[in-house]
Amino acid sequence: MLSSSFDRAVAHHRAGELDKAVALYRHVLRTARGEDASKAGQMLGAALHLQGQLEGAEEALRAVVRADPAPGLGARRALSMFLASQARMDDAVKVWREGVAAARGLPSAAGVDARMGLAIALSEARRSDEALATLKELAAEMPDNAGIQYELGRLSERLGRRDEGRAAMERVLEIAPDLAEAHLLMARIEAAGV
């Protein structure tokens, strides 16, 4: 359970008092373990990023990932987002490739999360063929996963592959008929086909 020091750090962070927040996050990190350390490290990275301390932000986020070499979805997502904000998409892809490698031998959910992260990072890096292949592989393995089907449909639509996008959105709507984003994307696909 995170300490009152963490709560105070977050309050300072939200108030824009970043120096105080950074000091408290570092204090929490000296004693925190596991998920608590991950949360504090991610928040430290975010605060440092806001301060313009980019090297410190990256190191804080990488330290969280190193401390938990498992796929660590939250930590990897935070690091990948930071790298993307610095236009370092190849580095963001590498973070997820390492997550996929770390997930080998772990329960399947960890591997799926890491491979989804990789597919999204590949897509953002405009490496669409690799992203599409990863998503198709995941969709074949887990045809009832609405998140995978949605990302497959979204990327297919972006690439102008309307039939593939439509098929993926139809599957999403079978699985999760109340997913508004899927209805909106399906409408966009249908409108483009007119």
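The values are calculated or read from the model by the stated rules, or taken from the named source; none is laboratory data. Remember, predicted model here, so these are calculated numbers, not experimental data. Neighbour counts run over all protein chains shown; Cβ positions are idealised from the backbone, glycine included. Just the protein is used for accessible areas: all its heavy atoms, side chains included, with ligands, DNA and RNA removed. Shrake-Rupley method; radii C 1.70, N 1.55, O 1.52, S 1.80 Å.
Laid out as a table, the results:
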{"quantity": "Subset of segment 162-191 that is surrounded by 19 or more Cβ atoms within 10 Å (Cβ to Cβ) and among the β-branched types (Val, Ile, Thr) - its residue that is modelled with the highest pLDDT", "calculated": "Val172"}
{"quantity": "First in segment 52-69 and acidic (Asp, Glu), second anywhere and in a helix (DSSP H, G or I) and exposed (fewer than 15 other Cβ atoms within 10 Å of the Cβ), Cβ under 9 Å, 6 or more apart", "calculated": "Asp68/Gly34; Asp68/Glu35"}
{"quantity": "Helices (runs of 4 or more DSSP H) contained in segment 64-183 and holding at least 3 residues among the β-branched types (Val, Ile, Thr) and under 14 Å from the mean Cα position of the chain (by Cα)", "calculated": "89-103"}
{"quantity": "Check on Ile120, open to solvent by 40 Å² or more (accessible area, probe 1.4 Å) and at pLDDT 95 or above", "calculated": "no"}
